[in-house]
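J.: Quick one: the structure is below, questions incoming.
What follows draws every value from the coordinates through simple rules; no lab data is involved. It should be emphasised that the depicted structure is a prediction, and the values quoted were computed from it without experimental measurement. Cβ atoms come from the backbone with ideal geometry, glycine included; neighbour counts cover every protein chain shown.
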Amino acid sequence: MMNVTTSNTVSPGTLQRALPGPAALNPAALNPAALAVLLLPMHDPRVRPLLDELAVEYDSRYGDRFGRGAAAEELNRYPASEFEGRGGALLVIQENGESVAGGAFRRYDADTAEFKRIWTHSAHRRRGLARLVLAELESLAARRGYRRVYLTTGPRQPEAKHLYLTTGYEAQFDLDQDPELIGALAFTKNLPAPPSPGR
C-alpha cells in the first residue's frame, strides 16, 4: 500500500492489490495517475461531498426506519477529533481533483480500528473504488499499530455486505438470518503486521 500523508497518487500495484482475482473489476478502469489519496480533517471542504451524499443515502435507505434527518444525527455522532491524530484518520480519494470515494477510522479499542463513513460517489460506483478505500484504510491502520478492524453496515446495504465478505471480513452475525431482524451488521478482520523498515 502507498504511504498516505497529505496527498499521494495511487500506484498501479495498489490498484492490483485492491482488486484481486478474476472476479474483480478491471483495474484499467481506474487511472492511477488521475487518483490521489488525501488524509484530511473532517472540516476540509473536500470531505463535504462524502458527508453530503452519505446523508442522502442514509435517509433514502433508512428514513422510514429511523426517521428523516436521522442521517445527520448519525454522521455527527462522533466528534471530528476521533478521526484525527494517531488514533484515527479520514481519507478521501480524488480523481482529477474531484472527491469520488473515502472512508475513516477511529479507535475502537487498543488494538482495533473501527472503520466508518466508507463511501463511493454514486456516479463512480462499480469501478473498484470502495476496495481501494478499504485497502488504503487497512494499510494506514496497520501502520498506526492496529491489529484488527471492526465495522458495521446497515441491513439495507447488500452491496456493502458483499464488499466486506469478499475482502476478507468475517461476519459477526448469522448470514442466513434476515438482515432487517439483525439491524447493524458487524464485521471484523485481522490486519497483517506492517513490514519492518528495511524489508
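J.: Between the DSSP loop rule and a limit of at most 13 other Cβ atoms within 10 Å, which chymotrypsin sites (Phe, Trp or Tyr not before Pro) in the range 121-199 are left?
T.: Answer by residue number: there is no such site.
J.: Could you check the simple spin-label distance between GLU73 and THR152, using points 7 Å along Cα→Cβ, in nm with one decimal?
T.: Here the modelled spin labels are 1.4 nm apart.
J.: Regarding the range 97-194, what's the average projected area of the Cα-atom convex hull, expressed in nm²?
T.: Numbers: hull surface 26.7 nm².
The directionally averaged projection comes out at 6.7 nm².
J.: How far apart, in nm, are two points set 7 Å out from the Cα along the Cα-to-Cβ line at GLU53 and at THR166?
T.: Simple spin-label model gives 1.9 nm for this pair.
J.: I would also like to ask the following. How much length is gained on full extension from ALA29 to ALA80, taking 0.36 nm per residue of separation minus their Cα-Cα distance?
T.: Roughly 15.1 nm would be gained on extension.
J.: Here's something else I'd like to know. Give me the net charge for the shell around ALA36: Cβ to Cβ below 13 angstrom, other residues only, Lys and Arg +1, Asp and Glu -1.
T.: Charge balance in the 13 Å sphere: -2.
J.: Fully extended, how many nm does the chain gain between ALA186 and ARG61 (0.36 nm per residue separation, minus their Cα-Cα distance)? Mind dumping the intermediate values first?
T.: Values: separation 125, 0.36 × 125 = 45.00 nm, distance 1.81 nm.
Stretched fully, the ALA186-ARG61 segment lengthens by 43.2 nm.
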